[in-house]
Amino acid sequence: MDKKTVVLGVIGSDCHAVGNKILDHSLTAAGFNVVNIGVLSPQEDFINAAIETNADAILVSSLYGHGEIDCRGMRDNCEEAGLKDILLYVGGNIVVGKQDWNEVHARFKDMGFDRVYPPGTSVETSIHDLREDLGN
Amino acid sequence: MDCYLFIDFGSTYTKVTLVDIAKEEIVATAKSYTTVETDVTTGYNEASRKLFSKVGQEVNIVKKLACSSAAGGLKIVAIGLVPELTAEAAKRAAIGAGARVIKTYSHNLNSSELVEIKISNADMILLAGGTDGGNSDCIIHNAEMIAKHEIDIPVVVAGNKSCNDEITNIFGDTVEFYITENVMPSLNNINVVPARETIRNIFMKQIVHARGMENVEESISGILMPTPASVLKAAETLSLGTKDEEGIGDLAIVDIGGATTDIHSIGEGAPSKPGVFLRGLEEPVAKRTVEGDLGMRYSSTSVYEAAGNRMMKKYLNIDDYDLEEEFRKRNDNTSFLPENEKDIFFDEAMAKVCADISMKRHAGIVESVYSPLGTIHSQTGKDLMELPYIIGTGGVLVNSKEPANILEAVTFTIDDPESLKPRNPKFMIDKEYILSAMGLLAMVDKNMAVRMLKKYIVMCGGNTNGFEK
Ligand code: B12
């Protein structure tokens with residue numbers, strides 16, 4: 001079976017690089033074709049990368065607390081760019097401080113993300129979910 | 001004496017350069033004015049006549065090689081998928097091949113865009129789209145459209161490799177096409193050399209059959225490439241050297257011509273300071289940019305538009321001139337040669353504007369991202385801050401008494417703090433006007449080209465560390 005392609009990056013003015021490297025490494029080892037656009041990446045870069053590489057999923061990381069602002073409109077922008085039904089995941093420390101997770105989860109779901117991860121999510125969880133969602 | 005003869009068919013001049021092979025010396029150079037209307041043969045014969053009248057001894061020409069930018073040069077239409085990605089990569093590959101990119105298209109093309117391409121007068125189409133194994137719908141759609149509209153222009157296919165078989169079927173016998181490596185094989189990685197070489201090969205095969213070239217073709221061994229490609233080749237040769245001859249390292253060439261200003265930079269352009277993140281499409285080591293609105297004659301009125309009074313003031317006492325009139329004069333009379341002080345001064349001020357703006361467009365930028373921990377930086381494009389050499393060429397620089405003063409305009413200034421322009425380079429000048437000839441020489445004897453470039457490209461100022469000026 002063909003390798004599934006995932007676009008990976010850290011959104012906005014966020015320069016936390018460690019988690020991104022770990023995700024890149026683990027997802028590659030798990031058999032995904034990882035297109036890593038790295039830190040400090042605006043939404044358009046995720047979307048453009050997904051178009052050219054015909055990606056199956058976009059994995060957005062946000063660590064520095066401004067995730068909600070940076071991710072706003074992302075689903076609409078994907079639709080606009082012709083990326084119909086692409087999987088959108090988000091994880092890291094996606095909001096400022098300690099907020100009620102259920103509310104945060106619901107807000108990001110509303111924004112059109114398929115999966116929303118709390119801080120400290122293990123890589124195994126995301127690999128498992130990706131396999132389930134992409135059917136391989 | 002055994003010699004090579006190099007010919008440069010230009011849009012304003014046909015230049016010939018005679019090189020003594022044993023001594024590795026320029027025997028003589030000559031040029032003759034050519035216009036779009038005149039036959040290239042006339043210019044060539046006239047220039048040769050002048051050249052040999054200077055030589056006055058028996059010459060055995062071992063090889064005659066030419067480059068050409070006559071009749072508007074090589075014109076290419078670039079097609080890609082995302083404007084900032086494969087479309088941009090295709091455009092850069094075409095410019096690096098010495099072409100003028102008429103227009104860049106992206107995403108799935110529609111019928112009216114194909115009609116536009118059909119009547120565009122382009123010499124070639126560069127078709128890209130998708131990384132290897134990535135998007136295939138777009139390039140296939142665009143190939144189908146090209147076939148359907150029976151476009152009679154050779155197509156260089158440089159996209160997603162997984163589509164090559166299907167595109168071969170689509171084009172069949174109806175479209176002339178050449179398949180080469182993807183200009184962007186994986187995201188943000190640029191691969192322009194194979195496309196560049198393919199374009200050059202087609203140019204060599206086809207361009208010589210056009211526009212009166214067949215008359216001169218018999219007497220020369222071949223038109224190897226478009227002139228800008230030849231200059232880029234010379235730049236690469238001088239910078240990188242060969243395994244026998246050492247190059248001089250990173251450099252940029254500033255070529256101010258009658259119609260355009262070209263910048264060729266050789267170097268990775270990696271961040272010169274620590275802690276800077278790189279963004280966007282990777283830069284080719286040998287990068288050419290061409291500014292169609294910055295030229296000394298054919299585009300002099302657009303120089304004024306680009307500069308405005310404020311920038312003109314930086315280089316000229318504008319109260320001494322009727323600016324509009326000065327620019328128009330040069331535009332209307334493209335063979336105008338400045339003779340008095342005042343006209344020379346104006347030409348040189350114009351050249352400074354061309355140098356200033358074209359380097360600003362060529363060099364990368366660094367942007368600050370503020371965080372509670374202080375500032376972090378992201379860089380797009382090449383960092384040329386620590387670039388050691390700037391080489392000037394083109395009529396206005398070659399003929400200037402103080403070319404370093406003009407070249408100074410490419411350097412970093414504090415009023416443009418985001419730009420990664422060279423800070424303190426050494427200035428060199430192509431005094432004998434031989435860069436394009438040396439690019440041709442590099443095709444036959446690269447070691448000799450390195451040695452001759454080192455001999456004939458001479459220091460003219462800059463980087464004096466404050467000791468002399
Ligand atoms: C190291 C660090 C830094 C370094 C980063 C160095 C670098 N270039 O990488 C520096 C010092 C530069 C830094 C700066 C800042 N930081 Co900081 N930083 C950290 C720290 C201590 C560790 C981050 C880390 O590397 N973790 C290790 C990796 C492996 O884990 P991870 O990044 O969380 O990623 C894993 C998972 O989250 C998950 N994951 C991540 N993304 C995704 C996405 C998906 C889809 C999925 C499924 C999973 C997933 O998988 C990853 C691998 O296991 C954290 C605190 C902490 N312990 O987390 C704060 C922390 C992230 N920083 C924080 C802040 C506020 C900042 C600053 C704004 C200022 C400050 N106060 O320090 C600046 C912002 C700079 C900027 N513009 O980005 C806050 C964020 C608070 C919030 N979100 O509400 C934290 C949480 C500290 C805190 N408790 O206050 N920081």
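Read the figures in this text as sums done on the coordinates, not as results from a lab. All values derive from a computational prediction rather than experimental measurement. Positions of Cβ are generated from backbone atoms using ideal geometry, with glycine treated the same way; all protein chains shown enter the neighbour counts.
Listed values, structure above:
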item	result
20 Å binning of all Cα-Cα separations within chain B, expressed as whole percents from 0 upward	24, 56, 20, 1
Average beta carbon contacts from partner chains per residue of B:131-140, 10 Å cutoff	4
Chain B, relative contact order [Cα under 8 Å, separation at least 6], %	13
Packing-based exposure ordering (other Cβ within 10 Å, fewest first) of B:418, B:283	B:418, B:283
Charge dipole of the stretch B:232-459 about the Cα centre (unit charges at C-beta), most positive-ward option of B:333, B:259, B:424	B:424
Where N is the number of residues in the protein assembly as shown, Cα Rg divided by 2.2 N^0.38 Å	1.07
Proxy reagent accessibility, fewest Cβ within 10 Å first, across B:302, A:62, B:69, A:13	B:302, A:13, A:62, B:69
Whole-angstrom gap from the stretch A:11-85 to the stretch B:414-464, using each part's C-alpha centre	42
By average C-beta atoms within 10 angstrom, highest first, the peptides B:311-319, B:57-65, B:390-398	B:390-398, B:311-319, B:57-65
Whole-number Å³ per residue for the convex hull built on Cα positions in the stretch B:70-192	85
Computed label-point distance, nm, for sites residue B:332 and residue B:242 using a 7 Å Cα→Cβ extension	5.1
At 1.306 mPa s and 10 °C, Stokes diffusion of chain A via Kirkwood alpha-carbon radius, µm² per second	108
Shielding by partners - mean other protein chain Cβ count within 10 Å, residues of A:32-43	3
Trypsin sites (Lys or Arg not before Pro) within the stretch A:47-136, DSSP loop, no more than 15 other Cβ atoms inside 10 Å	A:72, A:84, A:98
Label-point gap, in nm, between residue B:110 and residue B:197 - each point 7 angstrom along Cα→Cβ	4.0
Averaged over A:50-59, number of beta-carbon atoms from partner chains that fall within 10 Å	6
Total charge dipole magnitude, chain B, about the Cα centre, Cβ charges on Lys, Arg, Asp, Glu only, Debye to nearest 20	660
Values of log10 I(q)/I(0), in the order q = 0.16, 0.17 Å⁻¹, for the stretch B:267-409 under a Debye, Cα-only, solvent-free model	-0.89, -0.96
Under the Karplus curve 6.51 cos²θ - 1.76 cosθ + 1.60, θ = phi - 60°, whole-Hz ³J(HN,Hα) for the stretch B:399-410, x wherever Gly or Pro sits	8, 6, 6, 10, x, 4, 4, 6, 5, 3, 5, 7
Where a label projected 7 Å from the Cα of residue B:205 along Cα→Cβ would reach, residues of the stretch B:133-167 with amide N under 14 Å	B:153-157
Mean Cβ neighbour count within 10 Å, used as a protection proxy, ranking B:453-463, B:287-297 highest first	B:287-297, B:453-463
